[in-house]
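Below is one structure, written out as structure tokens; comments come after it.
The values are calculated or read from the model by the stated rules, or taken from the named source; none is laboratory data. Bear in mind the structure is a predicted one, so any value in this text is a computation, not a measurement. So basically every Cβ, Gly included, is an ideal-geometry build from the backbone, and we count neighbours across all protein chains shown. The protein model used for the area step is the full one, side chains on, heavy atoms only, and it has no ligands, DNA or RNA in it. Shrake-Rupley method; radii C 1.70, N 1.55, O 1.52, S 1.80 Å.
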Amino acid sequence: MSFENLLNHKCDIYHLVSTSSSKYGLPSKVEYSYPESPDLIDVPCHFNVKNGSGNISQSEPQNNLYHTTTLILPIGTDIRMNDKIIDKETGLEYTAEVPRNIRGHHIKIRVYRKAIQEAL
């Protein structure tokens with residue numbers, strides 16, 4: 001099995017953008033956001049579903065879900081910490097932690113998802 005066959009998923013990657021604004025002579029305020037359109041489209045990847053971990057915490061008014069998993073990307077992919085990653089198959093949105101270059105062969109990243117569980 002080749003490495004290219006392992007990359008059986010597709011994802012879109014959004015880079016975090018910072019903007020600063022100053023009003024009325026006050027110190028500038030830095031705001032962070034993601035662009036409307038993805039910076040990288042249909043990137044071949046692999047979401048390692050079996051090694052994911054998650055937990056649900058009881059809170060008001062709803063339960064909070066926190067899920068982490070591993071994402072594998074080809075070497076040379078422009079991925080950064082805090083980038084937004086959307087799984088094209090499921091539509092789930094993840095946030096990237098620190099990318100790791102694995103021996104110049106591929107990039108491995110732990111990604112997490114925080115969401116509020118919807119009521120039935």
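Is it fair to say I41 is in a strand (DSSP E or B), out of contact with any Ser or Thr (no Cβ under 7 Å at 6 or more places or on another chain), surrounded by 16 or more Cβ atoms within 10 Å (Cβ to Cβ) and at pLDDT 75 or above? In short, no.
When segment 92-109 is filtered for residues that are part of a strand (DSSP E or B) and not aliphatic (A, V, I, L, M), the ones remaining, listed by number, are E93, Y94, T95, R100, N101, H106, K108.
Of all the numbered requirements in (1) open to solvent by 80 Å² or more (accessible area, probe 1.4 Å); (2) at pLDDT below 90; (3) of a type in the set (A, V, I, L, M), L65 misses one, and that requirement is (1).
N82 passes every criterion in (1) more than 11 Å from the chain's Cα centre (by Cα); (2) at pLDDT 90 or above; (3) part of a loop (DSSP other than H, G, I, E, B) apart from (1). In segment 71-103, which residues are charged (D, E, K, R), surrounded by fewer than 18 Cβ atoms within 10 Å (Cβ to Cβ) and under 13 Å from H46 (Cα atoms)? K88, E89 - these are the residues of segment 71-103 that are charged (D, E, K, R), surrounded by fewer than 18 Cβ atoms within 10 Å (Cβ to Cβ) and under 13 Å from H46 (Cα atoms).
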